[in-house]
Amino acid sequence: MLTPLAVTSKPVTFVEQGLYEVHEKVYPRSVTGVYATWRWLMVWLTQTLFYGLCWLPWNGRQAVLFDLTARKFYIFGLAFWPQDIIYLAVLLIISAYSLFLFTAVGGRLWCGYACPQTVYTEIFLWIERKIEGNRAARIKLDANAMSPRKLLLRVAKYSAWGLLALWTGFTFVGYFTPIKMLWVSVWSFSLGPWEIFWIIFYGAFTYLFAGHLREQVCKYMCPYARFQGVMFDPDTLTITYDATRGEPRGSHKKGEAYKAQGKGDCVDCSICVQVCPTGIDIRKGLQYECIGCAACIDACDQVMEKMGTPKGLIRYSTEHAIAAQWGWKEIIRHIVRPRVLVYTAILWTIIAAFIWGIATKSALRVDVIRDRAVLAREVEGGLIENVYRLHVMNASEAAHRYAITVSGLPEINMIGERIIELPPAGDRTFMVQVRVPPDSGKRGSNVIYFEVKAMADETTVIREKAAFIQP
Amino acid sequence: MQNILSVLWPSFLVAGIAEGIFFTLIDPRELYLFGEPVHFSSLATYSIGFFCFWAICAASSMATCYLLRTAQEFKGADQET
Ligand code: SF4
Ligand code: SF4
């Protein structure tokens, strides 16, 4: 059975082990191959999105902006207010469900290819490699005493990391305050104290996580890494070393009749261990530290190629498949199992509901809140007045004029703005006073209705209920 | 070091969630501090809110850590005598 949760089963030793114990520094060796190419593709894709999307304009504003000050989220043509929280909740459910599904099918695909921790570590490692050289050179450099050259390399590396981290922090904050204004503020030295703080805070976290903690984040800090094991079953695709084929391991030369000597395909070159970003030996079986990055597959495939033996001594496979030595056809047949089908069905249902919800989202939203300070009061002419705060939100991409009316009680009248104008995705909060004669309606609470109607488009109309208090 | 981090890190995660939920439901402009409406900028309110949540969660984690440790120390003392 898999033991991805092994660490939690020994809580007592865990304390002594230490969270950031004197761990052996891992020097991942660089690797090329099919999966490395995929990983780099994902790095490019996710980071082009992250660093680029915030600069994209849309209808005169930032396309993706979580405007905290205005309490409004813009995602391209859609505007969301806190009242639309349900969409965010559903989106979270969809993400969680996809994660379940991907994990059940392909193990830690998320960790290996898409997780920001993996992606930034990959980028930081790339910088490290460019400046300090390959694995052997880095180990040597670390062992050397401080010298002018070492100092120079260190300063270069840390500054490159620092710049990238700051840029990341700046981009992050740029999703919450318009990034173009932020950029101008940087150069006119007029950044707000909290903006500076969050840029540095996020930057520092990136630097620390991707530059120094690396695999320790996955091993000790990530909640997903701890519970992903429960989503695995013996038909989940994981990175597996084929022990039947590889063992007994031992070095041998190309073309040697090693099989006759009782040796397996593994030449014990330990390259798979050297490339591993978490520093484990996959040949010991699946371990919870393995983030599924497939670096060891690429590495071992190269060795196998050199040795003239078939690739795939380490490969994506399932527990059942390795035990029964199945081919791909059989593996795929087992991947499509009830659990996966049920997950997929549920996921598509939620996605369909989500898309339907967004597509039919009303272009207008109205909130009516009774003023808390005054319940009801008598005004000139003996009329009874209640005060309301209206929040009108234009969720469409066009400017609109709205007419506001009130109904529900005999001789009801409204003082305040009857027509308001809102820009695309704009909103406004304002007060209105509603007055009725003292004999209108019953004593206590009466139901009244506010109607807000787009003047150019009769179909965009919202009727909101409110309570009118008659003393 | 390990104790400090195992207090700070989970509380950071939970504070993030708490912050998100709290400020989705509550507009910072509607908050009152000592009977006065909050007059900081929104960004400041959100930030201060986050650190308050973090501090509260950390306090709770710290209490857990402290209680766990005394339990172990008790055990250790028992075994020695
Ligand atoms: S890279 Fe392949 S051959 Fe080399 S030690 Fe690892 S499993 Fe064995
Ligand atoms: S064992 Fe292989 S797949 Fe797992 S983390 Fe190490 S290199 Fe990546």
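The values are calculated or read from the model by the stated rules, or taken from the named source; none is laboratory data. Note that the structure is predicted; figures quoted are calculated from it, not measured. Don't worry about glycine lacking a Cβ; one is built from the backbone with ideal geometry, like all the others, and counts go over all protein chains shown. To get the accessible areas, we keep the full protein, side chains included, count just its heavy atoms, and leave off ligands, DNA and RNA. Shrake-Rupley method; radii C 1.70, N 1.55, O 1.52, S 1.80 Å.
Accessible surface of A:His391 in the full protein assembly, 1.4 angstrom probe, to the nearest 10 Å²?
Around 30 Å² of this residue is reachable by solvent.
Compare the peptides A:164-173, A:394-403 by average per-residue count of other Cβ atoms within 10 angstrom and give them in order, highest first.
A:164-173, A:394-403
Could you pull out every whole DSSP H run in chain A that spans at least 27 Å of Cα extent along its own axis and averages 0.0 or higher on the Kyte-Doolittle scale?
Numbers: long enough: A:34-53 (28 Å, 0.71); A:85-106 (31 Å, 2.32); A:148-173 (37 Å, 0.68); A:338-359 (31 Å, 1.70).
Span-like helices in chain A: A:34-53, A:85-106, A:148-173, A:338-359.
On average, how many beta carbons from a partner chain sit within 10 Å of the beta carbon of a residue in A:220-226?
Other-chain Cβ atoms within 10 Å of each residue's Cβ, averaged: 2.
Under 23 Å Cα to Cα from A:Lys150, which lysines show up? Leave out anything in the same chain fewer than 8 places away.
A:Lys25, A:Lys130, A:Lys140
State whether region A:248-353 is rounded, prolate or oblate according to the following rule on the C-alpha gyration tensor (a ≥ b ≥ c being the square roots of its eigenvalues): a/c under 1.5 gives rounded; otherwise a/b larger than b/c gives prolate, and the remaining case gives oblate.
prolate
Taking C-beta distances below 4.7 angstrom as the pairing criterion, name the unpartnered cysteines of chain A, in sequence order.
A:Cys54, A:Cys111, A:Cys115, A:Cys218, A:Cys222, A:Cys266, A:Cys269, A:Cys276, A:Cys290, A:Cys293, A:Cys300
At 7 Å along the Cα-to-beta-carbon direction for both A:Ala63 and B:Phe51, put a label point, then send me their distance in nm to one decimal.
Taking the two extended label points, one gets 3.6 nm.
Summarise the partner chain shielding of A:194-205 as one whole number: the mean count of Cβ atoms from other chains within 10 Å of each residue's Cβ.
Mean shielding by partner chains, rounded to a whole number: 2.
Kindly rank A:156-162, A:449-455 from highest to lowest mean number of other beta carbons found within 10 Å of each residue.
The most tightly packed comes first, giving A:449-455, A:156-162.
Sum -39500 (n - 2.57) across every DSSP H segment of at least 4 residues in chain A, then divide by the residue count to get the 222 nm mean residue ellipticity, nearest 500.
Result for chain A: -12500 deg cm²/dmol, rounded to the nearest 500.
Select from region A:84-182 those GluC sites (Glu not before Pro) which occupy a DSSP coil region and have at most 10 other Cβ atoms within 10 Å, ordered by residue number.
Counting only loop positions with at most 10 other Cβ atoms within 10 Å, none of the GluC sites (Glu not before Pro) in region A:84-182 qualifies.
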